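The structure appears below as structure tokens.
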Amino acid sequence: MRQSRAPTASQIQNPPPPASSTKAGRFFGRSNIGHTFRHKSAGAFGPDLAKKLSQLVKMEKNVMRSMELVSRERMEVAQQLSIWGEACDDDVSDVTDKLGVLIYEIGELEDQFVDRYDQYRVTIKSIRNIEASVQPSRDRKQKITDQIAQLKYKEPNSPKIVVLEQELVRAEAESLVAEAQLSNITREKLKAAFTYQFDALREHSEKIAIIAGFGKHLLELVDDTPVTPGETRNAYDGYEASKAIIQDCEDALTNWVTQNAAVSSKLSTRARTLSQRRKNAVHRSGEGVDLSGQDQPLGDRESGLWIPASEHQGNGYEEEEEDLDVPSTVATETRGREEERPIAA
């Protein structure tokens, strides 16, 4: 639609992210082999703690690949619509050409949406990496606990039990720090990730609605009055009007910002009251306790046992694994968790 792609008001307010990571470096090209491979293998690698989130990340990658395909095919549909209308009467020819422009713009908006959606996926992915880095501290604590139980059963008077119990105390202290960091980062990243997604959804939906509105204005230029055999229609004189509608649509898309959103989500009085009550409860609880400095440095043997996920051997999250995937749930769709939720008192 726009020959010179000047930044829109929304892009000036919130600069667009880099191109989606799913658009390049495809091992299997654009075929759906990689899509199926990721479906089958997601969650099969890496630490147990991170497997569920790893599966979500892979499923989201498949979603993005599907959106890319929809974007490309919508652009092709727009071109085909214009080609078909070219041989029709003047009014149909002009309107289908302009409708093709609008539909092509929708395809480009979908392509931009994929880039913004990737911000959400990458942020969720960072939670997965933190979960993977916490797993070793859990494993070490469990291993020491098992060793103590085994010694108490076989050699109740073994002096190793005292040593292992001291190591267990240190492992539990280290695990507390790791778990607290996981808890804090999970909440921070979860809110950031879905803020990216919902902001992108809102902008995309508002712009699609704008295009749909101007598309209906274009349809008004088509004379659908029935004619009798041999009767001719009046000459079409809507060329300038169709150009003006397209220009107005372009201006509306260019000048759109979040503050001008037509749709607002207003809470009911009850929902607003309950939400405010929750916010007040969180505020009263204070800012929390920083546990990062509670433990003294450990000895050479115990120090550095909690290492980043990127340094684990065989953690299953090397970049090459990025093109692996998850079982489709389309045929057996369920909404929310399967187990029954407890009824609030």
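The values are calculated or read from the model by the stated rules, or taken from the named source; none is laboratory data. As the structure is a prediction and not an experimental result, all values here were calculated from the model. Virtual Cβ from ideal backbone geometry, glycine too; neighbours counted across all protein chains shown. Ligands, DNA and RNA are stripped out before the accessible areas are found, and what is left, the full protein with its side chains, is counted by its heavy atoms. Shrake-Rupley method; radii C 1.70, N 1.55, O 1.52, S 1.80 Å.
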Please enumerate the residues belonging to segment 165-190 that are open to solvent by 70 Å² or more (accessible area, probe 1.4 Å), among the charged types (D, E, K, R) and within 11 Å of residue 130 (Cβ to Cβ).
188
Only listed residue being touching a residue at least 12 places away in the same chain (Cβ under 8 Å), farther than 18 Å from residue 246 by Cα and touching a helix residue (DSSP H, G or I) at 6+ places or on another chain (Cβ under 9 Å), chosen from 126, 82:
126
Which condition number does residue 83 fail, the rest of (1) touching a Leu at 6+ places or on another chain (Cβ under 9 Å); (2) at pLDDT 90 or above being met?
(1)
How many residues are open to solvent by 70 Å² or more (accessible area, probe 1.4 Å), in contact (Cβ under 8 Å) with a residue 24 or more places away in the chain and more than 15 Å from residue 85 (Cα to Cα) when one looks only at segment 213-242?
3
Please tell me if residue 102 is at pLDDT below 95, at negative phi, surrounded by 17 or more Cβ atoms within 10 Å (Cβ to Cβ) and in a helix (DSSP H, G or I).
no
Quick check on this structure: which one of 224, 251 is outside any loop (DSSP other than H, G, I, E, B) and within 30 Å of residue 101 (Cα to Cα)?
251
Inspect all residues belonging to segment 76-97 and state whether any of them is open to solvent by less than 20 Å² (accessible area, probe 1.4 Å) and more than 27 Å from residue 221 (Cα to Cα).
no
Subset of segment 256-270 [assigned to a helix (DSSP H, G or I) and either among the small types (Gly, Ala, Ser) or within 18 Å of residue 199 (Cβ to Cβ) (or both)]:
258, 259, 260
Provide a single number: the residues in segment 227-241 that are closer than 20 Å to residue 100 by Cα and assigned to a loop (DSSP other than H, G, I, E, B).
3
Report, by residue number, each residue of segment 189-200 that is in contact (Cβ under 8 Å) with a residue 40 or more places away in the chain and out of contact with any helix residue (DSSP H, G or I) (no Cβ under 6 Å at 6 or more places or on another chain).
190, 194, 199
Under 8 Å by Cβ, and 6 or more places apart or on different chains, what pairs join a residue from segment 250-264 that is over 14 Å from residue 211 (Cβ atoms) and open to solvent by less than 70 Å² (accessible area, probe 1.4 Å) with one that is modelled with pLDDT of 90 or more and assigned to a helix (DSSP H, G or I)?
258/199; 258/202; 258/203; 261/202; 261/206
Flag if residue 156 is assigned to a loop (DSSP other than H, G, I, E, B), open to solvent by 100 Å² or more (accessible area, probe 1.4 Å) and free of Cβ contacts under 8 Å to residues at least 12 places away in the same chain:
no
